[in-house]
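What follows is a short report on a single structure.
The values are calculated or read from the model by the stated rules, or taken from the named source; none is laboratory data. Keep in mind that this is a model prediction, so the values were computed, not measured. Methodologically, a virtual Cβ is constructed for each residue, glycine included, from the backbone with ideal geometry; neighbour enumeration extends over all protein chains shown.
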Amino acid sequence: MRTEPKGRTKIWVILALAAVLWTAGSAALDAAGSDETYKGLKLFTDVLEIVTQKYVDEVDTGELIQKAIQGMVHSLDPHSSLLPPDAFEDLRIDTKGNFTGIGIHITLRNGFVTVISPIEGTPASKAGIRAQDRIVMVDGKRVNDLRQAVKLMRGPKGTPVKVTVIRQGEQEPLEFSLIRDVIPVKSIKAHVLKPGFGYIWITNFTGNTTDDFLEALEKIESENGPLKGLVLDLRNNGGGLLEESLEISDIFIDEGAILSIKGRNPANTRVFNASPNKVPRDYPIVVLINGGSASASEIVAGALQDHKRGLILGTTSFGKGSVQTVETLREGYGLKLTIARYYTPNGRSIQAKGIEPDIIVPYKPLEEPDDENGDDGFLKERDLQNHLDAADAPEKDKQNDKEQSGIGDVEFRVNPLEMENLKRDNQIMRALDILVSYNLFSGLRE
């Protein structure tokens, strides 16, 4: 009597996943030649049966089929993948709530799990993990795909994890010992760089990014008089929800296209246009980007650049110019699939190219923060004992009032160390200088 190999039941349960795709695309298969497709599926089942019966070790057929589907989808591009139930749930959490882990955005590049950007304030960021680091081991286990890496790095709050990376310029791999923590999906940080000049950092695009952004922006606008300029920081922003990037762009653009997407399916080809804003916001904007700026952040930067609403400063962005959708499958599975390429308002595709800055300024921390009062260190008249005050000097000008100039905060109370970090950031300070200069020259023309 012939016995069924162990795991045969799992074969047909998980093959149901393929049946979902088969049903959804049956019309396309008819057009492309269903006979060839049927032969391919028959070959697949023949190989699967031989492997389960004769391979030297016992195999998990369910796992084999899942990897086969994953391999098929991954062969399309690095951003398409089959999402097992736990991975599908993780994706939902990433855009809506909190999760526990180390706090990084990752992608698969040239066969390596590669860091797009660490999330500010998380264990990964504090430990010094950087964009472009290649993760090769987690807790001593080699990693070679995204899901495996995510599964190993996430875990209960307070538990340790070791992450080994290869970094360009380093002779040996670097090992980081981290403690997992709750990673809040908070996407907005806002400050006042100088009276009249605001700073907002969007760390990623989640379901509440636009609401939080508007709240921070309106507070800066109302508490500091007419806003003279804004620094919009999109550095190390690995992306997120397409809808949020469109809404952020729309805040500063009154008409014309924000984005167009073009796919093989006509349903995935459309143009997203701006709508008139009730609140005019015509002040100058400097947008900061770097190699960690990807996807949704590139959409915002490209839209503001093409509409000449923002000057782009920093280094070339990541270059992810494709759009993914997530289809819900049976048994809790999901399918993330690339359905279109996107184009900036001027019709540029940034796929594998990135957004090129108008002004290239590589990041380099300033050794000493610029003096907020323009003091160059020389002895001044005011430093002399018993010096005369100016005859018409207002009383308030005689005070050393730090709140009247320099960096203050709005929306979030931050510690002095974070303020010092802002002042030591050469890209932020360069952006501020540009905005201040623009206002000074505008005043000369009046």
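Looking for something modelled with pLDDT of 95 or more, buried (at least 22 other Cβ atoms within 10 Å of the Cβ) and hydroxyl-bearing (Ser, Thr, Tyr) - is there at least one such residue anywhere in the range 190-199? Yes, because at least one residue in the range 190-199 is modelled with pLDDT of 95 or more, buried (at least 22 other Cβ atoms within 10 Å of the Cβ) and hydroxyl-bearing (Ser, Thr, Tyr).
Residues in the range 77-91 that are touching a helix residue (DSSP H, G or I) at 6+ places or on another chain (Cβ under 9 Å), in contact (Cβ under 8 Å) with a residue 40 or more places away in the chain and outside any helix (DSSP H, G or I): Ser80, Ser81, Leu82, Leu83, Pro84. For Thr209, state whether it is touching a strand residue (DSSP E or B) at 6+ places or on another chain (Cβ under 9 Å), farther than 30 Å from Val138 by Cβ and among the polar types (S, T, N, Q). Criteria not met by Thr209. State whether one or more residues within the range 92-111 are loosely packed, with under 12 Cβ neighbours inside 10 Å, among the β-branched types (Val, Ile, Thr), part of a helix (DSSP H, G or I) and not assigned by TED's automatic domain parsing to the domain that holds Thr328. No, the range 92-111 contains no residue that is loosely packed, with under 12 Cβ neighbours inside 10 Å, among the β-branched types (Val, Ile, Thr), part of a helix (DSSP H, G or I) and not assigned by TED's automatic domain parsing to the domain that holds Thr328. Taken over the range 130-184, the criterion of being more than 17 Å from Phe99 (Cβ to Cβ) and basic (Lys, Arg) is satisfied by Arg130, Arg134, Lys141, Arg142, Lys162, Arg167. Kindly evaluate Glu331 against the criterion of being outside any loop (DSSP other than H, G, I, E, B), on the phi > 0 side of the Ramachandran plot and over 17 Å from the mean Cα position of the chain (by Cα). Here the answer is yes, as Glu331 does meet what is asked.
In the range 194-217, the condition of being in contact with a Phe, Trp or Tyr (Cβ under 7 Å, 6 or more places away or on another chain) and more than 24 Å from Ala294 (Cβ to Cβ) is met by no residue. Take the conditions (1) touching a strand residue (DSSP E or B) at 6+ places or on another chain (Cβ under 6 Å); (2) outside any loop (DSSP other than H, G, I, E, B); (3) at pLDDT below 95; Arg382 misses just one of them, which is (1). Selection over the range 260-306 of residues that are of a type in the set (D, E, K, R) and under 24 Å from Lys219 (Cβ atoms) gives a count of 3. Checked against the criterion of being surrounded by 22 or more Cβ atoms within 10 Å (Cβ to Cβ) and either assigned by TED's automatic domain parsing to the domain that holds Ile285 or out of contact with any Asp or Glu (no Cβ under 8 Å at 6 or more places or on another chain) (or both), the range 157-180 has no qualifying residue.
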